[in-house]
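The values are calculated or read from the model by the stated rules, or taken from the named source; none is laboratory data. Quick caveat, the model's predicted, so the values are computed rather than measured. Neighbour counts run over all protein chains shown; Cβ positions are idealised from the backbone, glycine included. With ligands, DNA and RNA removed, areas are computed over all heavy atoms of the protein, side chains included. Shrake-Rupley method; radii C 1.70, N 1.55, O 1.52, S 1.80 Å.
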Amino acid sequence: MLVMKKNEEKIKTGWPIPASIKESFVNFCAEVGCIAQEDCAGALLIWQHLPAQIREQARLEAKGIRAIDKKFWKQFSSGVELGLKAQLSIQPQKPEKAK
(Lines give C-alpha, C1' and ligand atoms only; values in the text may rest on other atoms or scores of the structure.)
Protein backbone atom coordinates (compact mmCIF):
# COMPACT_ATOMS: atom_id res chain seq x y z
CA MET A 1 0.00 0.00 0.00
CA LEU A 2 2.91 2.33 0.77
CA VAL A 3 4.26 1.95 -2.78
CA MET A 4 0.90 2.99 -4.24
CA LYS A 5 0.79 6.05 -1.98
CA LYS A 6 4.30 6.98 -3.07
CA ASN A 7 3.33 6.68 -6.74
CA GLU A 8 0.30 8.91 -6.23
CA GLU A 9 2.65 11.70 -5.23
CA LYS A 10 4.57 11.45 -8.51
CA ILE A 11 3.49 13.29 -11.62
CA LYS A 12 4.04 12.87 -15.34
CA THR A 13 5.68 15.90 -16.87
CA GLY A 14 3.84 15.63 -20.16
CA TRP A 15 6.43 17.90 -21.74
CA PRO A 16 7.46 17.37 -25.34
CA ILE A 17 11.06 16.15 -25.31
CA PRO A 18 12.89 15.20 -28.51
CA ALA A 19 12.85 11.41 -28.86
CA SER A 20 16.61 11.31 -29.41
CA ILE A 21 17.23 13.10 -26.11
CA LYS A 22 14.85 10.83 -24.21
CA GLU A 23 16.39 7.70 -25.75
CA SER A 24 19.90 8.93 -25.02
CA PHE A 25 18.97 9.62 -21.38
CA VAL A 26 17.19 6.28 -20.89
CA ASN A 27 20.10 4.41 -22.49
CA PHE A 28 22.61 6.27 -20.32
CA CYS A 29 20.64 5.41 -17.18
CA ALA A 30 20.46 1.75 -18.20
CA GLU A 31 24.22 1.66 -18.85
CA VAL A 32 25.08 3.06 -15.42
CA GLY A 33 22.38 1.05 -13.64
CA CYS A 34 20.08 3.90 -12.62
CA ILE A 35 16.33 4.40 -12.75
CA ALA A 36 15.60 6.94 -15.48
CA GLN A 37 12.69 8.58 -13.67
CA GLU A 38 14.73 9.13 -10.50
CA ASP A 39 17.70 10.45 -12.43
CA CYS A 40 15.44 12.77 -14.42
CA ALA A 41 14.17 14.23 -11.14
CA GLY A 42 17.78 14.70 -10.04
CA ALA A 43 18.64 16.37 -13.34
CA LEU A 44 15.74 18.80 -12.90
CA LEU A 45 17.09 19.71 -9.47
CA ILE A 46 20.64 20.27 -10.74
CA TRP A 47 19.36 22.32 -13.69
CA GLN A 48 18.28 25.08 -11.33
CA HIS A 49 21.85 25.51 -10.07
CA LEU A 50 23.65 25.57 -13.40
CA PRO A 51 25.00 28.80 -14.86
CA ALA A 52 22.69 30.37 -17.44
CA GLN A 53 25.27 29.86 -20.22
CA ILE A 54 25.37 26.11 -19.58
CA ARG A 55 21.56 25.88 -19.56
CA GLU A 56 21.39 27.76 -22.85
CA GLN A 57 24.00 25.53 -24.48
CA ALA A 58 22.09 22.43 -23.32
CA ARG A 59 18.83 23.83 -24.73
CA LEU A 60 20.47 24.41 -28.10
CA GLU A 61 21.97 20.92 -28.10
CA ALA A 62 18.55 19.42 -27.27
CA LYS A 63 17.11 21.27 -30.27
CA GLY A 64 19.78 19.72 -32.49
CA ILE A 65 21.81 22.91 -32.77
CA ARG A 66 25.46 22.13 -32.14
CA ALA A 67 26.58 25.39 -30.59
CA ILE A 68 29.79 24.15 -28.97
CA ASP A 69 32.32 21.39 -29.47
CA LYS A 70 31.35 17.96 -28.06
CA LYS A 71 34.62 17.96 -26.09
CA PHE A 72 33.22 20.78 -23.99
CA TRP A 73 30.70 18.50 -22.28
CA LYS A 74 33.46 16.05 -21.29
CA GLN A 75 35.54 18.95 -19.95
CA PHE A 76 32.49 20.30 -18.12
CA SER A 77 31.96 16.91 -16.47
CA SER A 78 35.63 16.73 -15.47
CA GLY A 79 35.43 20.23 -14.00
CA VAL A 80 32.39 19.32 -11.92
CA GLU A 81 34.17 16.19 -10.64
CA LEU A 82 37.20 18.27 -9.64
CA GLY A 83 34.92 20.71 -7.84
CA LEU A 84 33.29 17.86 -5.92
CA LYS A 85 36.67 16.48 -4.86
CA ALA A 86 37.77 19.92 -3.71
CA GLN A 87 34.55 20.38 -1.75
CA LEU A 88 35.02 17.02 -0.01
CA SER A 89 38.61 17.86 0.90
CA ILE A 90 37.61 21.10 2.66
CA GLN A 91 34.75 19.69 4.71
CA PRO A 92 35.04 21.08 8.22
CA GLN A 93 36.47 18.69 10.78
CA LYS A 94 34.34 17.98 13.84
CA PRO A 95 35.93 19.51 16.93
CA GLU A 96 37.07 17.08 19.58
CA LYS A 97 34.99 16.94 22.74
CA ALA A 98 36.57 18.45 25.82
CA LYS A 99 37.40 15.89 28.51
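Residues checked against (1) acidic (Asp, Glu); (2) open to solvent by 70 Å² or more (accessible area, probe 1.4 Å); (3) modelled with pLDDT of 90 or more:
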{"residue": "PRO18", "(1), (2), (3)": "no, no, no"}
{"residue": "PHE25", "(1), (2), (3)": "no, no, yes"}
{"residue": "LEU50", "(1), (2), (3)": "no, no, yes"}
{"residue": "LYS70", "(1), (2), (3)": "no, yes, no"}
{"residue": "LEU88", "(1), (2), (3)": "no, yes, yes"}
Sole exception among (1) modelled with pLDDT of 95 or more; (2) within 29 Å of SER20 (Cβ to Cβ); (3) not acidic (Asp, Glu) for LEU82, by number:
(2)
